[in-house]
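Beneath this line is the structure, given in C-alpha cells, with notes to follow.
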Amino acid sequence: MAVRDKSEVIGSNGLVVLHVAVGHKSSVEIREPRDQLALTRKVNAVSIQVVDDPNFTTLKTGQTLPWGAIRAQGPEGVQIRYRIRTRGDVTGTPEFD
C-alpha cells in the first residue's frame, strides 16, 4: 500500500510510462498539466486501452497479470506531475480538481 507523488518528462516519442503494476491494483492521477494528455493502459501485457478521462485511470488486479502499465501521451518536453496509488490505497475516484 502506497501513495507516491512523481514527476516525468515526455520524451521524443511523445510517450512516457507512468506506472507498471505486477499483480496489484493501482491508479494514476495527473496533477499537472490537467486535461492536456491522453492516458492509455496496457492490460495483461497485451492490449492497449484508451482511457476516457485524461486525468485519471485505474488498473484492477486481474488487469495486471502478468503485468499492466499506465502511460501518458503528449507533446515532447512536457513535464507531468502525478500521483500513484497502489493496493489498499486505491480510491477508485479522482482526488484533484
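Coordinate-derived values only; no laboratory data. Quick caveat, the model's predicted, so the values are computed rather than measured. Glycine also receives a Cβ, built like all others from the backbone with ideal geometry; neighbour counts cover every protein chain displayed.
General observations
- Computed packing ranks the peptides 10-20, 56-66 as 56-66, 10-20, most packed first, by mean other Cβ atoms within 10 Å.
- Working from Cα pairs under 8 Å separated by at least six residues, relative contact order for segment 17-57 is 39 percent.
- Our summary gives segment 30-94 a relative contact order of 39 percent, counting only alpha carbon pairs under 8 angstrom and 6 or more residues apart.
- Under 13 Å from LYS25, Cα to Cα: aspartates and glutamates that are on another chain or at least 8 residues apart: ASP89
- Efficiency of FRET between ASP89 and ASP35 - r from beta-carbon atoms, R0 41 angstrom, step 0.05: 0.95
- Kirkwood-based Rg to Rh ratio, the chain, C-alpha trace: 0.94
- Förster radius 25 Å - calculated FRET efficiency between ASN44 and GLN79, Cβ distance, rounded to 0.05: 0.25
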